[in-house]
1. Only one residue in GLY304, GLY261, GLY320, GLY313 is surrounded by fewer than 19 Cβ atoms within 10 Å (Cβ to Cβ) and in contact (Cβ under 8 Å) with a residue 24 or more places away in the chain. Which one?
2. Out of curiosity, is GLU378 free of Cβ contacts under 8 Å to residues at least 24 places away in the same chain and surrounded by fewer than 20 Cβ atoms within 10 Å (Cβ to Cβ)?
3. When the residues of region 226-258 are narrowed to those that are of a type in the set (Gly, Ala, Ser) and touching a residue at least 24 places away in the same chain (Cβ under 8 Å), which ends up farthest from ILE13 (Cα to Cα)?
4. Select from region 42-55 the residues that are surrounded by fewer than 18 Cβ atoms within 10 Å (Cβ to Cβ) and more than 17 Å from the chain's Cα centre (by Cα) and list them in ascending order.
5. Quickly run through region 87-103 and pick out the residues that are in contact (Cβ under 8 Å) with a residue 40 or more places away in the chain, surrounded by fewer than 18 Cβ atoms within 10 Å (Cβ to Cβ) and either assigned to a strand (DSSP E or B) or among the polar types (S, T, N, Q) (or both).
6. For region 149-170, enumerate the residues that are open to solvent by 10 Å² or more (accessible area, probe 1.4 Å) and under 15 Å from the mean Cα position of the chain (by Cα).
7. Would you check which residues across region 349-375 are open to solvent by 80 Å² or more (accessible area, probe 1.4 Å) and without any contact (Cβ under 8 Å) to a residue 60 or more places away in the chain and list them?
8. Would you mind listing the strands (runs of 3 or more DSSP E) fully within region 296-378 where at least 1 residues are under 26 Å from ALA17 (Cα atoms) and not assigned by the TED database to the domain that holds ASP280?
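The values are calculated or read from the model by the stated rules, or taken from the named source; none is laboratory data. This is a predicted model, so every value here is computed, not measured. Quick reminder, even Gly has a Cβ in these numbers, built from the backbone with ideal geometry, and neighbours come from all protein chains shown. Side chains are part of the model used for accessible areas, which takes the heavy atoms of the whole protein and leaves out ligands, DNA and RNA. Shrake-Rupley method; radii C 1.70, N 1.55, O 1.52, S 1.80 Å.
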Amino acid sequence: MKTGKARPVYVIIGQGAAGAAAANELKRLENEAAVTIVSNEQEGFYSRIDLPDLISGKREAQDALLQTPAQFRDKGIHCLAGEQVIRISPDDHSVELTAGRRLYYDKLLLATGARPVLPQLPGMEAAGVFSLWTMEQAKAILLAAAGAKAAVVIGAGLIGIKTALALHQRGLRVTILEQMDRVLPQQLDEAGAEILATAIRAGGVELLTNTRMETVETSGGRVTGVHAGTQLIVCDMVICAIGVRPDTELARTAGLALGAGIVTDQFLQTSEADIYAAGDAAEVLDVFGQQTMSAGWPAAVEQGIIAARNMAGVQAQYPGYLTQNSVEIAGIPLVSAGTIPARDGEEILSWQNGNTYRKLVLTNNRLQGFLLLGDIREAGVLAWVLARQRPIVPENSLHYAKLLEL
């Protein structure tokens, strides 16, 4: 059953970028509404993308906090920190917490995020094996790094590379293992990856591509090394950064439609009335009109806001997800968006000069993706054109060709 209260009651599961953005937007739209966030973490809302900077020492834990529990309370948002939702009951509009307490809602948002994927290999249960996805994990890595000499990072994605560089700044000897043939395989092509790999190695981190971890060597329950192919890499720590998986368990047991994630429509509503989803757990429409998984901070914030508006009855359509990354690694800024590895029938415009690399991918005079490495000017313009799928008319083609040579 719904709450039946005069003021609307909203429950949000998850206090990451999507959940926090939704809570703040709901209070902005309906200040008298009852808004409750349930989170299994204690810290409040913090910047997950800043966690490697905590490892390097560039930031302190408090620097990553964006909204404390007290600041949520000041806005009239009730936070149940360190609590776990174990069941959603769509029929009576309720969620059940671990201790048996039940919360009733008029509208519910699933902002459950994602969880790190851990390889099922011997030795993974040993002390010294970590993932970096939460503040608690970052603090544990910092504590372990204080007494460590060497670390192996599994995976050369954004989290893996940034964590490896951060540990190197802490004075550790660091090796990255990547089973693919290049770094950032989701964001870069071969040419761009080679530029970045050269910079990573020049920065003092050993990088091994086409290399798979086989087992973790242990002694007395602690990490002593990693077997990769025929070699043993001696280390005190292993950081697993091979990817994340959307947290859809609550949605599954509640009977919601699932694909790769929690399936939503253009209003971020799930298959169940009065339940919405946003952020890393949500499967959304992209700018090309296809269902896709979304990731990244800006997308989660935008989805949280749009979901909140629809929950509050202010109809808002999600414009579509655009895969986009903007980051600086080893001193090299890069922006990638859309499709980077070209598919059959796509046209490629590219230009390279030293550490500067630019690539545009087009189909039928429409931009499908772009990569800017070293010099990221015009990234905003290209993202605008890509997101709106505006045709590139012949008189503008010269402009885009010249753009590559800036």
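1. GLY320
2. no
3. Among residues in region 226-258 that are of a type in the set (Gly, Ala, Ser) and touching a residue at least 24 places away in the same chain (Cβ under 8 Å), the one farthest from ILE13 (Cα to Cα) is ALA228.
4. Of everything in region 42-55, just one residue is surrounded by fewer than 18 Cβ atoms within 10 Å (Cβ to Cβ) and more than 17 Å from the chain's Cα centre (by Cα), namely GLN42.
5. ARG87, SER89, LEU97, listed by residue number.
6. Matches in region 149-170: GLY157, LEU158, ILE159, LYS162.
7. Passing the criteria: ASN353, ASN364, ASN365, ARG366.
8. 324-329, 332-338, 366-373
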